[in-house]
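The values are calculated or read from the model by the stated rules, or taken from the named source; none is laboratory data. Just so it is clear, the structure is predicted and the values come from calculations on it, not from any experiment. Because the Cβ atoms are built from the backbone with ideal geometry, glycine has one as well, and the counts that use them run over all protein chains shown.
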Amino acid sequence: MLRVILAVMLFLSHIGYAQTAKASDPVAISAVQNALSSLVGKLPVADVSIDATVVSPSGLDSETGSGTFTAKGLNLSRTQITLSSATRTDTRNITNGIPAGQWSVNGQPASTYALHNCWTDAAWFFPAFSALAQWSNGNFVWSYVGSERHAGLNTQHLRVVQLYPQDAKSLLAVQRLSTTDFYLDPVSFLPLAVVSKVHPDQDMNTDIPVEIRFADYRSVQGVQVPFRVQKLLNGTLLLDLTVTSAVLNSGLQDSAFTLQ
């Protein structure tokens, strides 16, 4: 109930943001289907477990450590990053169609994500579990932006917004908060970058760009997995991941993603 009330508040504060979303652009849907075909083909993917070395730049210095990144389906994920200064764990889940998340540092009691920071991809590190996999879901509306250069690369630029069927009054706010831009390789259609926004917990009106860059795709059990993943916050490199191992369909249980 609390999350529904908050969703209404989001709507009221953004009543003038946008018009009701139209149907997906067929050109965009074709590109999305090509991307999924390049990523997974017709192979079923239920879950993923990734281990990686992690570099976190900080001023003139940088920390090096390790990370474990797991996901089950499109809505469940867990990341644990251990650096010299701290260990941080982030978990994403969904209940009755409403996304949620929490984070914890050094095993301390978990803090809850603000709802307005839960409308983008839960498994940001694994493109096969991104919004691309929702191409047939009418609550995800895709548009084709065009061919352009991004981060020095030629790309096909797509944009997706999410509708929120449970509470029509929150529709306009959720469209804004969920807006995500995908930049695909124009030949392979593999995702090269994904850009969305996060917001301070107490200020959903301040947009902070978050970009995930993917490189060094390799075949793992027939699925294309990026072995280099970089996360940028407001244009500054926050995390630089080099994958050391990736395992698909290991039988992860939902309980591994339970929120405290």
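Details
- Enumeration of residues in segment 85-103 that are surrounded by 15 or more Cβ atoms within 10 Å (Cβ to Cβ) and touching a residue at least 40 places away in the same chain (Cβ under 8 Å): Thr91, Arg92, Asn93, Ile98, Ala100, Gly101, Gln102
- Filter result for Asp181 (within 30 Å of Thr95 (Cα to Cα) and part of a strand (DSSP E or B)): yes
- Scanning segment 236-260 for residues that are more than 13 Å from Thr68 (Cβ to Cβ), surrounded by fewer than 19 Cβ atoms within 10 Å (Cβ to Cβ) and not aliphatic (A, V, I, L, M) yields Thr236, Thr242, Asn249, Gly251, Gln253, Asp254, Ser255, Thr258, Gln260.
- Single residue of segment 197-230 satisfying the filter (among the charged types (D, E, K, R) and either within 26 Å of Cys118 (Cβ to Cβ) or modelled with pLDDT under 95 (or both)) that is surrounded by the fewest Cβ atoms within 10 Å (Cβ to Cβ): Asp203
- Flag for Leu177 being crowded, with 21+ Cβ neighbours inside 10 Å, among the hydrophobic types (A, V, I, L, M, F, W, C) and in contact (Cβ under 8 Å) with a residue 40 or more places away in the chain: yes
- With respect to the conditions (1) touching a residue at least 60 places away in the same chain (Cβ under 8 Å); (2) in contact with a strand residue (DSSP E or B) (Cβ under 8 Å, 6 or more places away or on another chain), Thr82 falls short on a single one, namely (1).
- The residues in segment 114-145 that are part of a helix (DSSP H, G or I), closer than 21 Å to Asp185 by Cβ and not hydrophobic (A, V, I, L, M, F, W, C) can be counted, and the count is 2.
- Exactly one residue among Val160, Val187 is among the hydrophobic types (A, V, I, L, M, F, W, C), under 21 Å from Val229 (Cβ atoms), out of contact with any Gly (no Cβ under 9 Å at 6 or more places or on another chain) and surrounded by fewer than 22 Cβ atoms within 10 Å (Cβ to Cβ), and that residue is Val187.
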